[in-house]
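Asks: Next up is a structure, given as structure tokens.
The values are calculated or read from the model by the stated rules, or taken from the named source; none is laboratory data. Keep in mind that what you see is a predicted model, and the values were worked out from it rather than measured. Backbone-built Cβ (ideal geometry, glycine too); neighbour counts: all protein chains shown. Side chains are part of the model used for accessible areas, which takes the heavy atoms of the whole protein and leaves out ligands, DNA and RNA. Shrake-Rupley method; radii C 1.70, N 1.55, O 1.52, S 1.80 Å.
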Amino acid sequence: MEGLIERAARDLIASKHAIALTGAGISTESGIPDFRGPQGIWTTNKEAEAKAYERYELFLRDPKSYWQEMLGEKGTHGAFYIQVRKVEPNPGHYALAELERLGIVKCVITQNIDGLHRKAGSKSVIEYHGSVHKLRCPSCGSRRGLEEVSLESLPPYCECGGVMKYDVVHFKEPIPLDVMNEAEKEALECDLMLVCGTSAVVYPFASLPRAAKLGRKTSGAIIEINAEPTPLTREGISDYLIQGKTGEVLPQLAEAVRKWKLNRD
Ligand code: APR
């Protein structure tokens with residue numbers, strides 16, 4: 001692994017526009033289980049997974065029941081969102097924030113709804129699947145912080161008259177156009193992509209490394225950092241996999257880049 005970390009540090013240092021893609025794997029060391037790993041939420045609770053696939057239709061059909069379920073009056077989901085809001089970033093999140101401060105990582109595109117990248121200090125973050133800290137109006141696209149909207153009477157309404165939902169993107173729900181376009185632009189512009197802690201099986205997010213591989217003007221490495229190989233590894237979309245914990249590998253990467261910068265300056 002040592003050799004691969006040095007190689008990745010060299011690739012990062014040589015890059016002009018590196019970005020990082022992240023998934024639930026980067027937050028497991030903060031105490032949030034992932035979805036499809038051995039202890040994953042879907043792996044261990046098939047009923048919860050089935051319910052998750054019905055959530056968006058419930059919002060469209062009966063927004064009041066959707067909110068009652070999301071707030072936990074009828075179901076368990078409230079508890080998960082409450083847990084997610086309580087946890088703290090781990091060294092993996094802080095390392096990406098530092099690589100941004102060092103001018104190397106230009107942007108983080110995350111599937112995670114936990115807000116931990118921003119909490120760790122990353123400034124340029126695209127929340128591809130939304131955030132548990134926000135509400136969104138699917139009619140006009142505007143977002144509000146959770147604390148800005150009263151949930152006394154359900155469902156909450158937007159100034160435009162639309163019904164608001166959690167900003168979180170549920171299964172079968174379209175990705176909001178603003179984040180989809182921003183993410184695609186970054187994937188096509190980047191000359192290096194770190195893909196951290198994701199099983200890379202959920203689309204359209206999983207198409208971003210493929211777009212980068214096939215659609216980019218410049219050639220540059222796609223580097224996976226994950227506990228196990230993924231379809232990106234098996235199909236040769238990524239150039240190499242550093243198999244390990246993001247909370248251990250990313251700090252070593254940031255350290256190697258910081259040292260190089262210090263010696264250079
Ligand atoms: N370090 C590195 N890899 C890890 C770690 C860790 N500490 N912990 C778990 N992993 C790996 C797992 O082995 C797995 O390959 O991270 C991956 C997590 O994959 P998933 O659980 O499928 O999570 P993710 O890819 O983010 O899921 C995508 O699916 O359920 C929906 O909307 C949800 O955003 C989510 C999307």
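Asks: Applying the selection to segment 129-142, what residues are surrounded by fewer than 19 Cβ atoms within 10 Å (Cβ to Cβ) and either outside any loop (DSSP other than H, G, I, E, B) or within 16 Å of the ligand (Cβ to nearest atom) (or both)? Reasoning before the result, please.
Replies: Taking segment 129-142 first, the residues surrounded by fewer than 19 Cβ atoms within 10 Å (Cβ to Cβ) are 138-142.
None; the set is empty.
Asks: Which of the residues belonging to segment 37-72 are free of Cβ contacts under 8 Å to residues at least 60 places away in the same chain, within 16 Å of the ligand (Cβ to nearest atom) and assigned to a helix (DSSP H, G or I)? Break it down stepwise before answering.
Replies: So in segment 37-72, the residues free of Cβ contacts under 8 Å to residues at least 60 places away in the same chain come out as 38-51, 54, 58, 60-62, 65, 69, 72.
Subset that is within 16 Å of the ligand (Cβ to nearest atom): 38-51, 54.
Listed by number, the residues that qualify are I41, W42, T43, T44, K46, E47, A48, E49, A50, K51, E54.
Asks: Right, something else. Among the residues of segment 175-196, how many are open to solvent by less than 40 Å² (accessible area, probe 1.4 Å) and within 26 Å of K165 (Cβ to Cβ)?
Replies: So the first thing to find is which residues in segment 175-196 are open to solvent by less than 40 Å² (accessible area, probe 1.4 Å), and the list is 175-176, 179, 183, 186-187, 190-196.
Imposing the further condition that a residue be within 26 Å of K165 (Cβ to Cβ) reduces the set to 175-176, 179, 183, 186.
Adding up the residues that qualify gives 5.
Asks: Just to verify a result, which residue in segment 76-128, among those that are away from the ligand (no atom under 13 Å from the Cβ), among the acidic types (D, E) and surrounded by 19 or more Cβ atoms within 10 Å (Cβ to Cβ), is nearest to A183 (Cα to Cα)?
Replies: E100
Asks: Also: Among the candidates D178, D191, D239, which residue alone is out of contact with any helix residue (DSSP H, G or I) (no Cβ under 8 Å at 6 or more places or on another chain), more than 10 Å from the ligand (Cβ to nearest atom) and in contact (Cβ under 8 Å) with a residue 60 or more places away in the chain? Spell out the reasoning first.
Replies: Working: D178 fails: in contact (Cβ under 8 Å) with a residue 60 or more places away in the chain; D239 fails: in contact (Cβ under 8 Å) with a residue 60 or more places away in the chain.
Of D178, D191, D239, the one residue that is out of contact with any helix residue (DSSP H, G or I) (no Cβ under 8 Å at 6 or more places or on another chain), more than 10 Å from the ligand (Cβ to nearest atom) and in contact (Cβ under 8 Å) with a residue 60 or more places away in the chain is D191.
Asks: Let me ask you something else. Identify all residues within segment 18-36 that are within 6 Å of the ligand (Cβ to nearest atom), assigned to a helix (DSSP H, G or I) and within 14 Å of S199 (Cα to Cα); write none if there are none. Before the answer, list the steps.
Replies: The initial filter retains those residues of segment 18-36 that are within 6 Å of the ligand (Cβ to nearest atom), namely 23-25, 28-29, 34-36.
When the remaining residues are screened for being assigned to a helix (DSSP H, G or I), the result is 24-25, 28-29.
Those that are within 6 Å of the ligand (Cβ to nearest atom), assigned to a helix (DSSP H, G or I) and within 14 Å of S199 (Cα to Cα): A24, G25, T28.
Asks: Out of the residues in segment 197-220 that are more than 7 Å from the ligand (Cβ to nearest atom) and open to solvent by less than 20 Å² (accessible area, probe 1.4 Å), state the one that is nearest to D34 (Cα to Cα). Walk me through how you get there before you give the answer.
Replies: Quick first cut of segment 197-220, residues more than 7 Å from the ligand (Cβ to nearest atom) only: 203-204, 206-220.
Now narrow it down to the ones that are open to solvent by less than 20 Å² (accessible area, probe 1.4 Å): 206, 208-209, 212.
Details: A206: 16, L208: 20, P209: 20, A212: 25 Å.
Residue satisfying both the conditions and the ranking: A206.
Asks: Of all residues in segment 16-57 being touching a Leu at 6+ places or on another chain (Cβ under 7 Å) and of a type outside the set (A, V, I, L, M, F, W, C), which is surrounded by the fewest Cβ atoms within 10 Å (Cβ to Cβ)? Give the steps one after another, and end with the answer.
Replies: Of segment 16-57, the ones touching a Leu at 6+ places or on another chain (Cβ under 7 Å) are 18, 20-21, 27, 30.
This time we only want the ones that are of a type outside the set (A, V, I, L, M, F, W, C), so: 27, 30.
Values: S27: 27, S30: 21.
Among those residues, the one meeting the criterion is S30.
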